[in-house]
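Accompanying notes for the structure given below.
The values are calculated or read from the model by the stated rules, or taken from the named source; none is laboratory data. All figures in this text were calculated on a predicted structure; none of them were measured in a lab. When we count neighbours, we look across all protein chains shown, and the Cβ atoms used for this are built from the backbone with ideal geometry, even at glycine. Accessible surface is based on the protein model in full, side chains and every heavy atom, while ligands, DNA and RNA are left aside. Shrake-Rupley method; radii C 1.70, N 1.55, O 1.52, S 1.80 Å.
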Amino acid sequence: MSAETPVQSAGTFTRLRLRFRDWRGTRPFWAGLFTLLGGIPIAYFPYATLKLGHMSLAMATTAGAGSLIIGVLLVTLGLTMWFQSATRVFAGVATILLALVSLVISNIGGFLIGFLLALVGGALALSWAPGEPPVEAAGEHDGADAPTGEAAPDDTLHDPAVAPRFPAVPLEKGEDGEADGVRAAGGHRVG
């Protein structure tokens, strides 16, 4: 391959996959997915009719409307986590509370499936934090911030763990004629 050979662009699938990965990395994706999946069984089971051979088993309860509301709210909170990641703390707390309420209202939280998924989704939303942009490694910069030989006016050390360095001044000779240390410019004795 020579320098003149054009670089082949990545395929459409690869570009879409990389765009999705970048999008997923900037928001609590897994929290939203678990919350969304948790809302589905909570809303579905009270209205489902299971067939076992020739026997039908209906799960309909008087709290079917409550289950539907909880399920729809969980799906909405999952989508909110994806598209409004700034509200992730509110969405996480609301998800956990709705998951706990679904234990009583909706067939033991969608037979514990929806409850556990929503609980994990809410916990993930609360624990997610936006990532920091990657920091350039030492020596990998374009030279724009290279030293010019002149000190910037605000070129001071801001780390409180490192003591400021004062110019050393020898101590005056004591009564016995010996200097046993160095005095810093601020008057503090060093050594």
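Before moving on, here are some points about what is shown:
- The C-beta contact set for segment 16-27 (first residue touching a residue at least 12 places away in the same chain (Cβ under 8 Å) and within 19 Å of Ala125 (Cα to Cα), second residue surrounded by 11 or more Cβ atoms within 10 Å (Cβ to Cβ) and hydrophobic (A, V, I, L, M, F, W, C), distance under 6 angstrom, 6+ apart or interchain) comprises Arg27/Trp82.
- Single residue of segment 63-78 satisfying the filter (open to solvent by less than 70 Å² (accessible area, probe 1.4 Å) and of a type in the set (A, V, I, L, M, F, W, C)) that is farthest from the chain's Cα centre (by Cα): Ala63
- Among the candidates Gly53, Gly25, Gly39, Gly109, residue that is within 30 Å of the chain's Cα centre (by Cα) and at positive phi: Gly109
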